[in-house]
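The values are calculated or read from the model by the stated rules, or taken from the named source; none is laboratory data. These numbers come from a predicted model, not from an experiment. All Cβ positions, glycine included, derive from the backbone under ideal geometry; neighbour counts span all protein chains shown. The protein model used for the area step is the full one, side chains on, heavy atoms only, and it has no ligands, DNA or RNA in it. Shrake-Rupley method; radii C 1.70, N 1.55, O 1.52, S 1.80 Å.
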Amino acid sequence: MSDAADHAGEAHPNTGGEFASRLNWLRAGVLGANDGIVSTAGIVIGVAGATSARTAIFTAGIAGLVAGAVSMALGEYVSVSTQRDSEKAMLRRERRELETMPDAELAELAGLYEQRGLTPATARQVAVELTAHDALRAHAETELGINTEALTNPWHAAYASAVSFTIGAILPLVAILLPPTSWRVPVTFVAVLIALAITGSLSARLGGARRGRAILRVVVGGAIGMAITYAIGTLVGTAV
Ligand SMILES: [Zn+2]
């Protein structure tokens with residue numbers, strides 16, 4: 001796994017192939033879980049600051065979980081669909097250009113390989129051979145940075161982010177409902193900070209970043225967020 005983290009740092013977005021795309025999925029999953037933990041913890045701790053009624057805390061937590069999962073899924077669906085549409089449009093245009101002006105396209109491809117450090121003769125030969133093998137793929141990968149076999153499915157992206165958000169959201173929900181009343185907030189606070197340390201560490205590993213700093217950032221951010229929602233909940237609870 002530490003190998004994976006090292007390589008992730010070097011990989012270019014969109015050009016990495018299957019391994020990098022799996023890493024991107026993992027990273028998105030960890031981020032989704034992180035969002036689920038933070039936003040649900042804020043909601044349940046805020047409501048727990050205002051009332052000790054279990055039903056109210058549970059209702060708010062579940063509503064937050066569902067709303068968050070739906071909004072994550074929708075956002076992901078829209079953004080991946082948009083990206084996919086533009087990639088498909090670029091591929092269509094490339095296919096048309098390959099049909100109407102194959103010579104210019106071959107020269108263009110050879111030029112790109114030259115830019116990458118090949119000698120003109122080698123670049124020409126590589127371009128000729130790859131054009132014979134799969135011209136569209138060669139242009140998509142070299143010119144557009146698109147992997148034609150790994151266009152992300154927007155439904156998969158939507159589903160994955162909803163699921164990862166839900167998994168994250170369940171933790172603060174359980175942590176606030178299980179303990180006796182006076183222990184609810186401290187137990188949730190500690191459980192959430194531990195979970196955030198884990199997701200922070202995972203996402204740092206997957207992204208090839210320094211772990212200590214990533215953990216500190218997410219834990220401090222989560223602690224501040226929970227303190228603020230608890231304070232607001234307490235204020236609202238005594239005022240209303
Ligand atoms: Zn081209």
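Of note:
- Residue 183 accessible area, 1.4 Å probe, all protein chains in place, Å² to nearest 10: 150
- About its Cα centre, the dipole of the chain is roughly 1340 debye, where the only charges are +1 on Lys and Arg Cβ and -1 on Asp and Glu Cβ.
- Here the accessible area is traced with a 1.4 Å probe on the protein chains. For region 3-239, carbon and sulfur cover 64 percent of it.
- Cα-only radius of gyration and Dmax that characterise region 3-239, units Å: 24.3, 79
- Pairwise FRET efficiency - residue 144 versus residue 122, Cβ, R0 = 30 Å, nearest 0.05: 0.85
- At R0 = 41 Å, FRET efficiency that the Cβ-Cβ distance of residue 136 and residue 74 yields, to 0.05: 0.80
- Heavy-atom accessible area for residue 103, with the other protein chains in place and a 1.4 Å probe, reaches approximately 120 Å².
- For region 3-239, the solvent-accessible area with a 1.4 angstrom probe is 56 square angstrom per residue.
- Placing R0 at 22 angstrom, the Cβ-Cβ distance between residue 63 and residue 240 gives a FRET efficiency of 0.75 after rounding to 0.05.
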